[in-house]
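The values are calculated or read from the model by the stated rules, or taken from the named source; none is laboratory data. Bear in mind the structure is a predicted one, so any value in this text is a computation, not a measurement. Here the Cβ positions follow ideal geometry from the backbone for every residue, glycine too, while neighbour counts run over all protein chains shown.
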Amino acid sequence: MDLDLYLNSYVYVIIFLLLGIALPVGGLTFGRLVRPHNPYPEKLVPYESGILPTGDAQIRFSVAYYIVALEFVIFDVETVFIYPWAVALDHLGWFGINAMLIFIVVLALGLAYSWKKKVLEWN
Amino acid sequence: MTAFNADWSLMTPEIVLAILALTVFTIDFTTGIRGKKPFIGILSVLSLLITIILVVIFNQTPGSIGATFVVDPYAMLFKIVILIGVALVIINSMSYMEKHHEMYQGELYSLLLFAALGAMLMVSSADLITLFIGLEILSISSYCLAGFRKSQAKSSEAALKYVVLGGTASAFILYGMSFMYGLTGTTNLGEIGAGIQQLYGQYPYLVIMSLLFMIAGFGFKISIVPFHMWAPDVYEGAPTPITGFLATVSKVAGFAIMIRILAVGFGGIYHEWYFVIAVIAALTMIVGNTVALVQKNVKRLMAYSGIAQAGYLLVPLAASLSFNITMSMIVYYAFAYIFMTLGAFAIITHVTENAESEDISSFAGLQKRSPFLAHSMTVFLLSMTGLPITAGFVGKVYIFLGVMSSEMVWLAVVLIVTSTISFFYYFGIIRQMYMMDPKEDSSMLKAPTSISLIVTISLIGTFGLAFFANMLTNYMNGLMWIIL
Amino acid sequence: MVPVQLYLALAAILFCIGLYGVLTRRHLVIVLVSVELMLNAVNINLVAFSSIGPFANITGQVFTLFVVTVAAAEAAVGLAILIALYRNRKSIDVIKQDLMRW
Amino acid sequence: MELLFMVFYGVAVLGLLLIGVMYAILFERKVIGYMQVRIGPNRHGPWGMLQTAADVMKLLMKEDIIPSRVDRKVFIIAPVLAFAPSFMVLATIPWSENLVGANLNIGVLYFIGISSISTIGVLMGGWSSNNKYSLMGAMRGVAQMISYEIPLVLAIIGVVILAGSLNLNDIVYAQRDMGVWFIVPQILGFVIYLIAAIAELNRSPFDLPEAESELVSGYHTEYSGFRMAFFFLAEYVYAIAISALATTLFLGGWLGPILPGVVWFFLKMCIFMFIWFWLRATMPRVRVDQLMSFGWKVLIPLALLNIVITAVIKVWMG
Amino acid sequence: MIPNILSVLVFLPLLGALIILTIPNEHKNVIRSVAGITSFVTLIISVIVWNVFNRSTAGMQFAENYTWIDLGFVSFNYQLGVDGLSMPLLVLTTIVTFLGIVASVSIKDRVKEYFVWMLILLTGMLGVFVALDMFLFFLFFELTLIPMFFIIGIWGGSQKEYAAFKFLIYTGLGSAVMLIAFFAMFYQGAVAEEATLNFLRLAEIYANPANAHIISDAFKAGLFITLFVAFAVKLPIFPFHTWLPDAHVQAPTPASMILAGVLLKMGAYGLLRVGFGILPDQAAKFAFLIAILGVVNIIYGALLALVQKDLKKLVAYSSISHMGIVLLGAASFTTQGMQGAIFQLVSHGFIAALLFFMVGAIYERTHTRMIEDLGGLSKTIPILAGFLLAAAMASVGLPGMSGFVSELLAFMGIFGASPDIIPAAKTIAVVAALGIILTAAYLLWAMQRTTFGQLHQSNAHLEDARPIEYIPMICLLGLTILIGVYPAILSDVINITVIDIVSKIGG
């Protein structure tokens, strides 16, 4: 792939990014011209099904969320290795298969471990 | 690609250890996480023994896999040291686990096995990437191990400090490496070493900066001054057998690879950096030995002692000796260090657990409570002090002899004077054991089989290395230490 | 074309910010994030060298992949330990982690 | 000049997309209506064609309430962060052989990478709202999205192995050269992708983050007016993007006889859109524990298996 | 003749220690007897060696040489041998240690440990006197440190730990300095000729004029000073002596006997063997300084002894004073002087051991060491008091006793010293003689206050010498008198070696 095409592709990406930001910003700015604006305290209270909220809303949540996040990080990053491998599999042949088999077995063992440790249960 | 047609049999020990480690890990989690499982420990020790045998068999003839993974005597000897160390740590953990049911036993063992694997990879690597992977396998396992007593705030705190500082250290190492890569276009140590002199001519500041970053990073890992501040805290907080692990295996492996980088990668510009190492070694010895004097907690004391020992190990590197002599010294001392330190840690584990206190006074009157442990501890402490007739003595004299024949006599003086200072704190423990009365409520202390086993092995190692040092030194004389 | 020095400068700045964060921030999560920042500074270095360095080749990118992975693993372990610590101490303020003092 | 064309392309995609979303919403309401034996929207315009436009106008003119105790900056950025990535990923979709914006050689990676940023938008929206419902919704949403991102990503690898490229055009070409769409050799991967995609989109039966009966409206409970519209829009744009990707990866993209490629592409996308709506009309909502364990215990192992099988077959066949 | 007799001699005590380790704690008498027998057999062997020793050659005898640790560039050798310098000290060691072990009946606590340390100590001391390899020498030198630390620290007096640590650090630092000197010597030797740690070989290398351009005089001078400082700690010489009173006073009686009787001699032996043996020209150059230090030691030790209220401390300071004579004699570089020095080593070994034993025996009965609390002992315990008096007389240098011979020889030596080596030798001798008078003063004064004088009330009813106490007393006193009356028994062993040493600078 020649450099021009390579760069052009990223110009597209940037244009899309800018447009993606411009639309909400533009929309909201335009909306300001047409929408009413008269806040009063009751309106600005967080909605909790009509009951006045008590305590801080930014509560601590179950540790299960953290664990899922950790699991995600591990597995998501592992895919970093699988993608280049997948692309290059033609060149790698059986060597590549073996290497990746080892990798996946280890990954699967990790999964089995968290399974057994009830990390994947949600309660 | 060279990896396809490489001689993978060179890697047999690593591969087998990996398989065994995974097997241990699988057996562990499939048989239920909690509960006492001494057989997992035995299995782990067996795995390590098998690996040691394989190392001896398969690493005899040097070779390399794609110039990233090398098998040479240097790697082989360090692998043996590491594997022995981990095996001793596991045996030690087995008795520790008896008392701490809240810890997941099998996980500890498998983490230790993975750490051993990482360390093995690391000492065999001749490529920055492989090296980094090995280092991180070891480090990340160590972080987990340090925080293994989850319910203990101290343990968690230790682990967190370790993670943060260890991560920072990794970043330093990597930052240094990234410049080496950028300037040479390769991550292979041999190729870097081949071009380093020319490179230094072109970009002196960048090369030195890169080197300093790496020294700082590895300095963290092996806790040399001024990068040692984490060690006492982490050592204190970590479970005691793990403290032993951190003080020995982790440190020795870090050393091995730091030396390989310095010797192979930066050997060409030796005269530019040896003085830095000398100063660091001197500082390490001075700070380690003097701060140890005021420690009341045994594990902190051992941390500072370990810092000082790291200083001794750095000395041969700083003294401009022939490569073979330097290597022999370091390997000999590494062997001595692993035995004496792990033997001491086995006893420390048992005594502090029994006393439920890590204060030095928990050793009071140990001679009356358990003569065997007290005498053995004395031997290990004497060895660490460098008194006869122990491996530590021979090792220290050996290093001293070497450094005396270099230009840096002042370093020798620092070595010897700080060793003398170390008499105070090592003999402080001896004083507790022999000259203090046991606490009133204490009874006879019976050493469990596992502790006795480690102590016996360590005693054999400590004495054997002294009396039969010739076997090791003869083997090491004239070795082709590093192939590339 | 942007010269490689600019990338290096960016990386250096990020590295310093990360180091500063590690050394000064009180919130442990931010400290961990700072460590990640340092590692990513390294990645910028590696990738920059890999594509427009004096000896551009693919090795740097391979290295980067490994660094990313390791950084993730380190972060995962770090956060797990952080949770354990929080359970024990009810605080993740650096200043308050003082059970052990030298 | 070239730049102008690029901008034009971007604006065109955006415009078409907005129209597409409008009619996708209408399509959904109609499909569900008919499935439930009712008519659906039919007041505005012929066959209710202007219903969504009217809704948009309504939302535009609604008061923009920013509650008093929110984290204002984060609150404002969140909808943008949710929308922009889901639009950005469209840059690399090859609508037809020649109609493609960014012809990236890492197209798949780009898609996956950018699209996962919208998760952060969700989290920021929920967290900044200072509302327990929002927070719960956001947490659930994030947990679900990241859990299902893994099977999604792993499922795609099968296709990548077969095509040997990450470029979306190349993937389509590979299907052409192979003579069969990847849905056939990659049927397992396709099913995993489909399920994971639904969860990724927070759509029924995996719409727990927005479960009205439990969480009011999930992470955008506190959002009103046009800000809410952007969350809404982001969801549909993302749905379109996922459909487009699925089309490219599994259904041969623009490939098809007689009709121009764009039309084929559009038709195939519609199938996916229809499936989303169909499922919504027929499936009950799953429980949260079922959701999580299904993703981790079923989809991920299957996806790994799929990778291994695909790779072995690929190498075996040469 | 037993092959490897020196090895047997050195390691026999270690074997005894191992045997003791297998005996249960309760059998204290068995342990005592095993220790006693072991040390006695060691004594017998040393006497055999003494008898077989060839008096007509200066070379090393009973030599053994094995490579122990081969480091590639140099090897640590297991190399033993005795000559006229080490032979008397070897016998001194076995005798004093055996008697010390006999005197150890007073040790009631932790008997097993005690004797194990004692025997290890014996091995260490013997090793020092027979080692011919620097590494081996250093090893044994350090090895003596550990048992002595334990013996002082566990079985010592009220301030035992302080004394033990002080001993440890001082002598540890001394060894450290010694190691530096040794290895510097090794390195320069290796540069000049050959990498060796052998004392004899090094002496040759350093004596070889061909090496003068590599081994400069300045280097040699520095080396000598370093060595001197190293051994000065052990000897001890004036500014480095402060550990000695503490260690001697706090140590249990047998340990004091060994400390004064043997350990101090290790310092002197090292100085003679390494300092004088390898660097004779430097020794000659510094002879004046050494002589001055010797005089300072004599006077300083005597003055301090004069003001002591504690009898044991007094004896300790008298040791410092007496070691000055060794320096003085050695510095003279005459045959008589050197003989005097060695005579003094041996004679002081016996006398100091006897003195400490007597002080210990008296302390055991009176539970005080304060001179003012003693007094009139001759009335209650005439035999012990008599031996104490005899010991003091020997220490003063009464003719017919060994102290007289050694002092006489040393003074003759210094009088006859060549003015090139020691200028103003006569003045020095006169000043030193003043010190001897002081010695007489403090010892006689002390005796007058303890053995004679007013009987202290609390000392009215004391048990006199027990049978077992006769063994050390009679043996030590007998040996003192034997050497005093028949000095040839010692001098014919040392003569050739002494002449050899002296000839090296004269030559």
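So, B:I269, is that one touching a residue at least 24 places away in the same chain (Cβ under 8 Å) and under 22 Å from the mean Cα position of the chain (by Cα) or not? If you could, list the steps in order and put the result at the bottom.
Numbers: touching a residue at least 24 places away in the same chain (Cβ under 8 Å): yes; under 22 Å from the mean Cα position of the chain (by Cα): no.
When the stated conditions are applied, B:I269 does not pass them.
Based on what the data block shows, is E:L15 over 20 Å from E:V82 (Cβ atoms), assigned to a helix (DSSP H, G or I) and either more than 27 Å from the chain's Cα centre (by Cα) or modelled with pLDDT of 90 or more (or both)? Working first, answer last.
Numbers: over 20 Å from E:V82 (Cβ atoms): yes; assigned to a helix (DSSP H, G or I): yes; either more than 27 Å from the chain's Cα centre (by Cα) or modelled with pLDDT of 90 or more (or both): yes.
Yes.
Conditions (1) in contact (Cβ under 8 Å) with a residue 12 or more places away in the chain; (2) more than 25 Å from D:V122 (Cβ to Cβ); (3) β-branched (V, I, T); (4) more than 14 Å from chain A (Cβ to nearest Cβ), marked per residue:
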residue	(1), (2), (3), (4)
D:R227	yes, no, no, no
D:F230	yes, no, no, no
D:A241	yes, no, no, no
D:L245	yes, no, no, yes
D:M273	yes, no, no, yes
D:F277	yes, no, no, yes
D:A303	yes, no, no, no
D:G318	no, yes, no, no
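Evaluated against (1) more than 22 Å from the chain's Cα centre (by Cα); (2) in a helix (DSSP H, G or I), E:C475 falls short on exactly one condition, (1). Say whether the condition of being more than 12 Å from chain B (Cβ to nearest Cβ) and more than 18 Å from E:A17 (Cβ to Cβ) is met by at least one residue in segment E:136-156. Among the residues of segment E:136-156, not one is more than 12 Å from chain B (Cβ to nearest Cβ) and more than 18 Å from E:A17 (Cβ to Cβ), which makes the answer no.
Filtering segment E:264-299 to residues that are more than 22 Å from E:M60 (Cβ to Cβ) and outside any helix (DSSP H, G or I) leaves only E:F286. No other residue among E:A425, E:A429 is more than 24 Å from E:G261 (Cα to Cα), buried (at least 21 other Cβ atoms within 10 Å of the Cβ) and at pLDDT below 85 apart from E:A425.
Taken over segment E:124-156, the criterion of being of a type in the set (S, T, N, Q) and surrounded by fewer than 24 Cβ atoms within 10 Å (Cβ to Cβ) is satisfied by no residue. Considering only residues of segment B:340-376 that are within 19 Å of B:S95 (Cα to Cα) and outside any helix (DSSP H, G or I), which is nearest to the chain's Cα centre (by Cα)? So the residue we want is B:E358. For beta carbons closer than 7 Å, sequence separation of 6+ or different chains, a first residue in segment E:61-83 that is more than 14 Å from chain B (Cβ to nearest Cβ) and a second that is of a type in the set (D, E), the qualifying pairs are E:Q61/E:D83; E:Q79/E:E64; E:Q79/E:D133; E:L80/E:E64.
Mind telling me which of the residues A:I21, A:I14 ends up being at pLDDT 80 or above and more than 7 Å from chain D (Cβ to nearest Cβ)? So that I can check it myself, show each step before the final result.
Numbers: A:I21 fails: more than 7 Å from chain D (Cβ to nearest Cβ).
The unique qualifying residue is A:I14.
The set of residues in segment D:129-187 that are more than 18 Å from D:F231 (Cβ to Cβ) and part of a loop (DSSP other than H, G, I, E, B) comprises D:G164, D:S165, D:L166, D:N167, D:G179, D:V180, D:W181, D:F182, D:I183, D:V184, D:P185, D:Q186. What about B:Y312, is it under 15 Å from B:T462 (Cα atoms), among the aromatic types (F, W, Y), at pLDDT 90 or above and within 15 Å of the chain's Cα centre (by Cα)? When the stated conditions are applied, B:Y312 does not pass them.
Could you go through segment C:53-63 and let me know if any residue there is facing chain B (nearest Cβ under 9 Å), at pLDDT below 85, over 20 Å from B:G167 (Cβ atoms) and touching an Asp or Glu at 6+ places or on another chain (Cβ under 7 Å). Walk me through how you get there before you give the answer.
At the first step, the residues of segment C:53-63 found to be facing chain B (nearest Cβ under 9 Å) are C:53-57, C:59-60, C:62-63.
Checking which are at pLDDT below 85 leaves us with C:53-56.
So of that shortlist, the ones also over 20 Å from B:G167 (Cβ atoms) come out as C:53-56.
Next, from what is left, pick out any that are touching an Asp or Glu at 6+ places or on another chain (Cβ under 7 Å): none.
No, because not a single residue in segment C:53-63 is facing chain B (nearest Cβ under 9 Å), at pLDDT below 85, over 20 Å from B:G167 (Cβ atoms) and touching an Asp or Glu at 6+ places or on another chain (Cβ under 7 Å).
Answer yes or no as to whether D:E63 is facing chain A (nearest Cβ under 9 Å), in contact with a Gly (Cβ under 8 Å, 6 or more places away or on another chain) and at pLDDT below 85. Judged against the criteria, D:E63 is a match.
Each row is one residue, and each column tells you yes or no for (1) within 9 Å of another protein chain (Cβ to nearest Cβ); (2) farther than 30 Å from B:A263 by Cβ; (3) surrounded by 23 or more Cβ atoms within 10 Å (Cβ to Cβ).
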residue	(1), (2), (3)
B:G85	no, no, yes
B:I90	no, yes, yes
B:H101	no, yes, no
B:G106	no, yes, yes
B:L121	no, no, yes
B:L128	yes, no, yes
B:I133	yes, no, no
B:L145	no, no, yes
B:L160	yes, yes, yes
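Can you tell me which residues in segment B:147-157 are assigned to a helix (DSSP H, G or I) and either at the interface with chain C (Cβ under 7 Å from one of its Cβ atoms) or among the charged types (D, E, K, R) (or both)? B:A153, B:K154, B:S156, B:E157, listed by residue number. Return yes or no: is E:A255 in a helix (DSSP H, G or I), crowded, with 24+ Cβ neighbours inside 10 Å and at pLDDT 90 or above? In short, yes.
Across segment D:192-225, what is the total count of residues that are at pLDDT 70 or above, outside any helix (DSSP H, G or I) and within 11 Å of chain A (Cβ to nearest Cβ)?
Pass one, segment D:192-225, residues at pLDDT 70 or above: D:192-207, D:218-225.
Among the residues that remain, those that are also outside any helix (DSSP H, G or I) are: D:201-207, D:221-224.
Among the residues that remain, those that are also within 11 Å of chain A (Cβ to nearest Cβ) are: D:221-224.
Adding up the residues that qualify gives 4.
Determine whether E:F115 is assigned to a helix (DSSP H, G or I), more than 16 Å from B:F423 (Cβ to Cβ), facing chain B (nearest Cβ under 8 Å) and at pLDDT 90 or above. Considered against the rule, which asks whether it is assigned to a helix (DSSP H, G or I), more than 16 Å from B:F423 (Cβ to Cβ), facing chain B (nearest Cβ under 8 Å) and at pLDDT 90 or above, E:F115 comes out as no. Summed over segment D:82-112, residues that are buried (at least 24 other Cβ atoms within 10 Å of the Cβ), under 22 Å from D:L233 (Cα atoms) and free of Cβ contacts under 8 Å to residues at least 60 places away in the same chain total 3. Could you please let me know if E:L168 is out of contact with any Cys (no Cβ under 8 Å at 6 or more places or on another chain), among the aliphatic types (A, V, I, L, M), free of Cβ contacts under 8 Å to residues at least 24 places away in the same chain and more than 25 Å from E:D500 (Cα to Cα)? Answer is yes for this residue. Restricting the first member to segment D:6-23 and to residues that are in contact (Cβ under 8 Å) with a residue 24 or more places away in the chain and within 8 Å of chain A (Cβ to nearest Cβ), and the second to residues that are surrounded by fewer than 19 Cβ atoms within 10 Å (Cβ to Cβ) and in a helix (DSSP H, G or I), the beta-carbon pairs closer than 6 Å and six or more apart or on different chains are D:M6/A:V11.
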